[in-house]
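Student: I have a structure I would like to understand better, so I am pasting it below and will then ask my questions one at a time.
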Amino acid sequence: MRDGNPNEAPLMLCAGEALTDMLDQGDERWVSRVGGSTWNVARALAALGERTAFAGAISQDRFGDAIWAASEAVGLDLRTLQRVQRSPLLAIVEKTEPPRYFFIGDDSADLHFDPAALPAGWDEALRWAHFGGISLAREPLASNLVALARQLKARGVKISYDPNYRNLMDERYTPTLQAMAELADVIKVSDDDLRGLFPGTEPEQALTQLRAMNPSAYYLLTRGGDGASLLLGDARSDAGAPKVAVVDTVGAGDASAAGLLHSLSNHPERPLQSHLHAALAAGSAACLQSGATPPPLAAMQRLFDQLQGDLT
């Protein structure tokens, strides 16, 4: 795809929202940071050496410029990133611990992503496609992305899904949850996601309900500093997160999803425990830096080796 060479077409795709986080610094001071769940996964995959594209739409203003520049800096294929003359999608983060936020973007650029306008040949080498985040809770974008996921699945592309629960995912989100869970080969959720998606239900029971939608998928359950679990069929692996000097945890969950996809794509022969270690290593590597910064490959490899060494 790059320079007309089909061998350079992306192997990984992340489709959804790229947005701007507006963080309250106190005294009416705000700072902007590029972000967005599916876009964070895309950047993390690119940082781990995967040929990755992000499919979405961003604005043509300074906020869109910042997202474009950050995408370019990490090596994302930009041919599936569309720019439209609409306002940016903003996440107003009033508080981080615990999170308190709301979104501004009733007719913002992300909603105008057009899969039909993607360039010819963009998917000819695709192996994995990742979906999730608030993009699947905002119409008409949500319907377009579910349709794209179905189209890619029919072509043999493996599907990854992270609902990444946010407060706008009310009962209207349930059909999308069901549809994407049934399509997915990998489903990543946190314990907080499960509490939000299945209110009043304990996380382990909620996970059982989610797995009933698609018993054959991989399920990555992350629990922050308490580690994670990876399930496939009747098999389950649990592991604690490696000890690191945490700067912050922003983007750690997105990085863990990227770490798992990186491992499954490049080392399908690995046992379940090693795939889980790859996810934990990537998530922990992301915690070594501030903001949703992609995990450095060297740091992820070092933490992965550490986790693997603990088994011996």
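Student: Give the relative contact order (percent, whole number) for the range 214-299; include only Cα pairs under 8 Å separated by 6+ residues.
Tutor: Here the relative contact order equals 30 percent.
Student: Could you go through the range 24-33 in sequence order and give the Karplus-derived ³J(HN,Hα) for each residue, using 6.51 cos²θ - 1.76 cosθ + 1.60 with θ = phi - 60°, rounded to whole Hz, and x for Gly and Pro?
Tutor: 6, 9, x, 6, 6, 9, 10, 10, 9, 9
Student: What ³J(HN,Hα) values, in whole Hz, does the Karplus curve 6.51 cos²θ - 1.76 cosθ + 1.60 give for the range 170-175 when θ = phi - 60°, with x put for Gly and Pro?
Tutor: The phi angles translate into 8, 4, 5, 7, 4, x Hz.
Student: Given the Cα-Cα distance of residue 232 and residue 182 and 0.36 nm per residue of separation, how much length would full extension add, in nm?
Tutor: Gain on stretching residue 232 to residue 182: 16.5 nm.
Student: Expected output is a single nm value to one decimal: the length gained when fully extending between residue 78 and residue 211, i.e. 0.36 nm times separation in residues minus the C-alpha distance. What is it?
Tutor: Extra length from residue 78 to residue 211 when fully extended: 44.4 nm.
Student: Can you give me the distance in nm between label points at residue 120 and residue 151, each placed 7 Å from the Cα along the Cα-to-Cβ direction?
Tutor: Here the answer is 1.6 nm between the modelled labels.
Student: Take the chain, connect every pair of alpha-carbon atoms lying under 10 Å apart with a spring to form a Gaussian network, then pick out the residue of 28, 50, 94 with the largest mean-square fluctuation.
Tutor: Comparing 28, 50, 94 in the GNM, the peak value goes to 28.
Student: Could you let me know the centre-to-centre spacing of the range 249-312 and the range 161-198, using Cα atoms, in angstrom?
Tutor: 22
Student: Taking a quarter of the surface of the convex hull around the Cα atoms of the chain, what do you get in nm²?
Tutor: 15.7
Student: Nearest 500 deg cm²/dmol is fine: what mean residue ellipticity at 222 nm does the chain get from its DSSP H runs of n ≥ 4 alone, each adding -39,500 (n - 2.57), divided by its residue count?
Tutor: That comes out to -11000 deg cm²/dmol.
Student: Quick one: length gained pulling residue 62 to residue 167 fully straight, 0.36 nm per residue minus the C-alpha distance?
Tutor: Residue separation times 0.36 nm, minus the Cα-Cα distance, leaves 35.1 nm.
Student: Follow-up. Over the chain, what is the mean sequence separation of C-alpha contacts under 8 Å (at least six apart), divided by residue count, expressed as relative contact order in percent?
Tutor: Computed value for the chain: 15 percent relative contact order.
Student: Still on this structure, I have one more. Which value, in nm² and rounded to one decimal, describes the direction-averaged projected area of the C-alpha convex hull of the range 212-311?
Tutor: Dividing the Cα hull surface by four gives the mean projection, 6.2 nm².
Student: Something else now. Sorted by mean Cβ packing within 10 Å, highest first, what order do the peptides 54-60, 234-240 take?
Tutor: Final packing ranking: 54-60, 234-240.
Student: Let me ask something else about it. Could you sort 156-167, 118-129 so that the peptide with the highest average Cβ count within 10 Å comes first and the rest follow in order? Mind dumping the intermediate values first?
Tutor: On the way: 156-167: 21.4, 118-129: 16.5.
Most protected by this proxy first, the peptides run 156-167, 118-129.
Student: Could you check how many percent of all C-alpha pairs in the range 1-139 are farther apart than 18 Å?
Tutor: The proportion of pairs with Cα distances above 18 Å equals 54 percent.
Student: Same structure again: Search the structure for amide H atoms under 5 Å from the amide H of residue 113, placed 1.01 Å from N in the peptide plane, and list their residues when 5 or more places away or on another chain.
Tutor: Residues meeting the amide H criterion: 57.
Quick note: the coordinates plus some simple rules give every number you see, no bench work behind them. Since the model is a prediction, treat every value here as computed from it, not as a measurement. Cβ: placed from backbone, ideal geometry, glycine included. Neighbour counts: every protein chain shown.
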